[in-house]
Every structure is written in C-alpha cells, then in structure tokens.
Amino acid sequence: MNEPSFLRPDCDADAARPSLVGLTRDALAAILRRHGVPEREIRMRTGQLWHWIYFQGATRFDAMLNIGKALRAELAGRYSLARPEVVAEQISQDGTRKWLLRLAPVDADDKGAEIECVYIPESDRGTLCISSQVGCTLTCSFCHTGTQKLVRNLTSAEIVGQLIVARERLGDFPGLTPPNDGLLPGEGQRPISNVVFMGMGEPLFNFENVRDAVSVLADGDGLSVSKRRITVSTAGVVPQIAPLGAEAGSMLAISLHAVSDELRDRLVPLNRKYPLKELLAACRAYPGASNARRVTFEYVMLKGVNDSPAEARQLVRLLKGIPAKINLIPFNPWPGTKYECSDWEKIEAFSEIVFSAGYASPVRTPRGRDILAACGQLKSATEKLRARARMVVEG
C-alpha cells in the first residue's frame, strides 16, 4: 500500500505522550490555549488540527504545513497522534472483519486494556460496530460479552479511535488504497457509512463519553458520519434515553428480546431495575422519534424461549404508538451457551406476524459467525483470539 508521508507514523514517537486523536473540538481548543495560542486564532487553529486528524487521517505533526513550525514542534514534543494498536485482525468468509485493539495505558498499573470492534460490509453500506466499555456489567444470559467482567469505561477518544483505525485498515483516508480482496462495498461507496454502538459494553452506562464521541463522529468537517447513520443500542438504561436524544441526537436501538417482565428479567437482568413499562414509555417520548427516525427494537430468536406466535402478537401490542422497526436476530452460538437458535420456520412465522401488523421486521443475516464476530459473540478473550487470528498485525 502506497501512503503519503503524513500517513506514515513517526517511528520515534513517544507512546507515553497523550494522543490528540479522538478529542473533541473543545478539548483541542483547550490544549491550544494551554500552549499560548492567542484567543483570536483558537477557532482557526482548532479547525486546522481537526482537518488533519479527522479528514486527512494524519499521523505526523510535521505534515500540518498550514500550522506554524513552532506550534507544530510544541505539539509534537508534548502530544502524539497515536490511535489504538491493532493486535490482531480476523476476516470472515463473508467479508466481516474483527479487530482486537489494545488501548494506551491509563495509569502505571494499566498494561493496556483490549477491546473488539467489527466491520460488516454489505452491498449498499458498510457498518462499523464499536465498543463503549472494556467488558460489560449487564450479564445478559444469551450474550458472550456479558460473561466478561467490566474493566472500565472507554473515553470518548478511545471510542472515536475505533473508527479511525477501521478507516485506516480499509484505506478510507485520502491517499490510502483499500484492500484488494473484493469484500468491500462497490466503487464510489464509502467503506464505512454507518456506525452502531453494539459492541462491548452498555453505552448508556458511559453516557457522557458516548455523547461526546457521537459529536466527533458526526462533525461534517471531519469523519462526517450522519447522525441518522449512528445508532446507540441500550439494554434499557431508562434515565439516559431522553438525554441521548436531546444531547447526542443519534438513532436509538433497544435490546429487547422478551415481551414479559418475567422472561426479560432472566434474559436481560437490567429489566429488574427498569421494567418494560418504563422502558417503552421512554421510547415513546424519545426526542426526534418519527416515522423517518424510527426506534429499532432488537429481538434475538431463542429456540423454545421467546419465539412463539403468541409472543409475536404481544410484541406488536407492546410497541403500539411507537414509530418502530423490529430487527429479528438469529441467535449466534458461543462456547458454553445454553441457548439454541430458533428454527428458521419459527423465525419466518414470527416475522410474518410482526410485518402483517405494519412493522418492518427484517431478519438480520448472521455475519462473522466463524470468527465470533456476530451479534452477542464479542469477547476479548485475547489468547484464544490470537490463536485463531488469520493475521497477526505487526505493531
């Protein structure tokens, strides 16, 4: 891959220096003030840094020729443009890619936490599934990620860094060449058009960082992912649903999976704190929800557990009055699970009942199952992942 010089990392960079990659405009402006940039220049200099980091994908300060040499040297001496390190990459037979990313240590005791993110190419779009926490606290019984303990929240910069890394790997910054493997969307399409917060963690338990990350992802002068193409999925942290709509303006997805509190208490234990009545009331009041900005309800199909025609009809009743679509997700098995995927005939019958009631009810095609990258399968079991990885990427 031929790269312009500003996309070739500085090999002498000090990994201990804090990175500017992923920071908000306000954070970049604060750094410039700290280093003596006159207030009258702050907006312009912030815009210049923003362009180089988020539009050009630069990894070297010395490429930023429209910024004065003295300021470039000052920034280079104190900061880096490092992003999360790709430890391993797996590529599924269907083109899905999963990356194991190592984050910079946050303190002396931190050896560098690891997370996973997944890229899913389709004919009309490319979706990046990103993580918001290292691990998860929810312990949803059907989800592999839920078997991993929570380590910490990701910063907004670490969340944004996942998209930066993915765009680099897919050749989606100026001057980069995409992989020549025929697995990306067609010519003229952006490899990554959609971002979903459906990776590791519960996004609304990390609300402020998720909100700030959405603002960076959606900024039209940089990464420029439309807010209508950014979806935040929650298991139902009710108090943060309205603020998400008001402050982030993203699309909303609800990890539902059951139509009664009794069953949902078992599948999604958070339901014991925020039961269905409260959750659905918050969805009805979600800021900006309309037929053009529908709330997505995710419903994993578990054989003999939640897949009966009666439950499909109850789902329709529960969602009455909510501009909604229902994604039916065939269960993706993982080692040690007690669940099985519903039979295809059951899934089709469930979908037909929902569709006949006037709701879109697409059945999500399982993607990346062979590399444990499908919905509910993410877990950064590092040693196992390294053993299975198709390619270990050199640092």
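Structure notes:
- Evaluation of residue 114 against the conditions (1) outside the structural domain of residue 169 (by TED's automatic domain parsing); (2) touching a helix residue (DSSP H, G or I) at 6+ places or on another chain (Cβ under 7 Å); (3) acidic (Asp, Glu); (4) surrounded by 15 or more Cβ atoms within 10 Å (Cβ to Cβ) shows that the sole unmet condition is (1).
- Residue 349 surrounded by fewer than 19 Cβ atoms within 10 Å (Cβ to Cβ), in contact with a helix residue (DSSP H, G or I) (Cβ under 7 Å, 6 or more places away or on another chain) and at pLDDT 55 or above: yes
- Condition broken by residue 169, with the remaining ones in (1) within 22 Å of residue 55 (Cα to Cα); (2) crowded, with 24+ Cβ neighbours inside 10 Å; (3) in contact (Cβ under 8 Å) with a residue 60 or more places away in the chain satisfied: (2)
- Residue 48 satisfies every condition listed in (1) in a loop (DSSP other than H, G, I, E, B); (2) at negative phi except (1).
- Among the candidates 169, 211, residue that is at pLDDT 90 or above and over 13 Å from the mean Cα position of the chain (by Cα): 169
- Verdict on residue 151 being buried (at least 23 other Cβ atoms within 10 Å of the Cβ), within 30 Å of residue 256 (Cα to Cα), aliphatic (A, V, I, L, M) and at pLDDT 85 or above: no
- Residue 143 being outside any loop (DSSP other than H, G, I, E, B), touching a Cys at 6+ places or on another chain (Cβ under 9 Å) and in contact (Cβ under 8 Å) with a residue 12 or more places away in the chain: no
- The sole residue among 221, 265, 261 that is farther than 12 Å from residue 197 by Cβ, in contact (Cβ under 8 Å) with a residue 60 or more places away in the chain and of a type in the set (Asp, Glu) is 221.
- Tallying residues that are acidic (Asp, Glu) and in contact with a Lys or Arg (Cβ under 8 Å, 6 or more places away or on another chain) within segment 58-111 yields 4.
- Of the residues making up segment 257-266, those that are in contact with a Leu (Cβ under 8 Å, 6 or more places away or on another chain) and under 19 Å from residue 331 (Cβ atoms) are 257, 258, 259, 260, 264.
- Within segment 74-126, tally of residues that are without any contact (Cβ under 8 Å) to a residue 12 or more places away in the chain and of a type in the set (A, V, I, L, M): 1
- Within segment 95-125, considering residues that are assigned to a strand (DSSP E or B) and not hydrophobic (A, V, I, L, M, F, W, C), the one farthest from residue 162 (Cα to Cα): 121
- Residue within segment 191-204 that is more than 12 Å from the chain's Cα centre (by Cα), closer than 19 Å to residue 234 by Cβ and buried (at least 19 other Cβ atoms within 10 Å of the Cβ) present: yes
The values are calculated or read from the model by the stated rules, or taken from the named source; none is laboratory data. Worth saying up front: this structure is predicted, and the values here are computed from it rather than measured. Cβ: placed from backbone, ideal geometry, glycine included. Neighbour counts: every protein chain shown.
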